[in-house]
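Any read-out appearing in this document is the output of simple, stated calculations on the displayed coordinates, not a laboratory observation. The structure presented is a predicted model; accordingly, all values stated were derived computationally and were not measured. Glycine also receives a Cβ, built like all others from the backbone with ideal geometry; neighbour counts cover every protein chain displayed.
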Amino acid sequence: MIDAVASEFGDSQPVQFLRELKNDKKTKAWVARFFASFQMLGNEGRITNKDRFKKLNEVVWEFRAGAARLLGGYLPGGIFLLTNGFRKKSQKTPRSEIKTAEEAVRREQQSKRRGDK
């Protein structure tokens, strides 16, 4: 299962990012690639295509489609949590984006362990 982190106000940056990509003719195809990857992860429990799904550190994974990136990580129960999305502008994934994703995943992992939500 795939979920997206939401703020205290109920909005979700990764979902908003996907909407923005979908509404742009140049990036609309990237959304289809993301959803194909999501479906593969949901159906098979893993993605073997390293060009589309890559582990960045012990917590954070990166979905890739064109220059767009969605970061997230696994929660207990096999849930993959999308944390943030962005357009990549250089070869390396920005540390700030990785840090944002790592903090969100760790926060949700702790919440799940405590039984919150």
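Could you work out how far helix 28-44 tilts from the main Cα principal axis of the chain, as a 0 to 90 degree angle to the nearest 10?
So the helix axis and the longest Cα principal axis differ by about 40 degrees.
Out of the range 5-42, which trypsin sites (Lys or Arg not before Pro) are coil in DSSP terms and have no more than 14 other C-beta atoms within 10 Å? Don't skip to the answer; put the middle values down first.
Values: sites: R19, K22, K25, K26, K28, R33; in loops: K25, K26.
Listed in order of number, the matching sites are K25, K26.
Tell me the relative contact order for the range 2-114 as a rounded percent, counting alpha carbon contacts under 8 Å between residues six or more apart.
Working: 157 pairs, mean separation 27.2, N = 113.
24 percent.
Please sort by residue number the GluC sites (Glu not before Pro) in the range 48-117 whose DSSP state is loop and whose Cβ has at most 11 other Cβ atoms within 10 Å.
Taking the range 48-117 and a limit of 11 other Cβ atoms within 10 Å, the loop GluC sites (Glu not before Pro) found are E58.
Would you mind checking K26/K50; K50/K92; K22/K50; K22/K54; K26/K92 for any pair whose Cα atoms are more than 19 angstrom apart?
Correct reply: K26/K50; K22/K50; K22/K54; K26/K92.
For the range 92-100, take each phi angle, set θ = phi - 60°, evaluate the Karplus expression 6.51 cos²θ - 1.76 cosθ + 1.60, and give the result in whole Hz per residue in order, putting x for glycine and proline.
The phi angles translate into 8, 6, x, 4, 4, 5, 5, 5, 4 Hz.
Return the label of the correct value of log10 I(q)/I(0) by the Debye sum over Cα atoms at q = 0.15, 0.23 Å⁻¹, as calculated from the structure shown, out of (1) -0.63, -1.49; (2) -0.90, -1.24; (3) -0.82, -1.21.
Given (1) -0.63, -1.49; (2) -0.90, -1.24; (3) -0.82, -1.21, the calculated one carries the label (1).
Can you pull the one-decimal nm distance between simple spin-label points at K55 and Q109, each 7 Å off the Cα toward Cβ?
1.2 nm
Cross-link partners among lysines for K28, C-alpha distance below 19 Å, same-chain residues fewer than 8 apart left out?
The reachable lysines, counting only those whose Cα sits under 19 Å from K28, are K88, K89.
Which residues' amide hydrogens lie under 5 Å from the amide hydrogen of I2, considering only partners 5 or more residues apart or on another chain, with H built in the peptide plane?
Counting only residues 5 or more places away or on other chains, the set is F80.
Using only Cα atoms and rounding to the nearest 10 degrees, what angle (0 to 90) does helix 13-22 make with the longest principal axis of the chain?
Its long axis makes an angle of about 20 degrees.
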